[in-house]
Amino acid sequence: MENFISKQQALAVLQQDAAEICDLLGKQSNILCRTDCPAFEEVADTRIYGFSCEVKFLIRSGLLTTSEGHQLVKELEEKLGNIQARVTPDVGVEWE
């Protein structure tokens, strides 16, 4: 029995996975209050790698173009960067 998946279904799965990654790292950063922690970086790198493997599979399957895949990974990286920027305070010192 053959099953087929549409591009819309594939994108929905990727969007759900990206949202789960952002949610997980958002919760982790709120609990730890430090996104510069090596554990945070390790989880972020691992999750982005897994997500990029999903994207590569869909590209190889012909459901996504290479540029669409790169855009999805870039958007996830930007969202995670925003989480990190929101949680990590500036470390500069103001002199009066």
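The values are calculated or read from the model by the stated rules, or taken from the named source; none is laboratory data. All figures in this text were calculated on a predicted structure; none of them were measured in a lab. Glycine also receives a Cβ, built like all others from the backbone with ideal geometry; neighbour counts cover every protein chain displayed. Surface areas here come from the heavy atoms of the whole protein model, side chains and all, with no ligands, DNA or RNA. Shrake-Rupley method; radii C 1.70, N 1.55, O 1.52, S 1.80 Å.
For the range 68-92, the candidate set comprises residues that are modelled with pLDDT of 95 or more and open to solvent by 90 Å² or more (accessible area, probe 1.4 Å); within that set, the residue that is nearest to the chain's Cα centre (by Cα) is K74.
Scanning the range 52-67 for residues that are open to solvent by less than 60 Å² (accessible area, probe 1.4 Å) and within 13 Å of L11 (Cβ to Cβ) yields V55, L58, I59, L63, L64.
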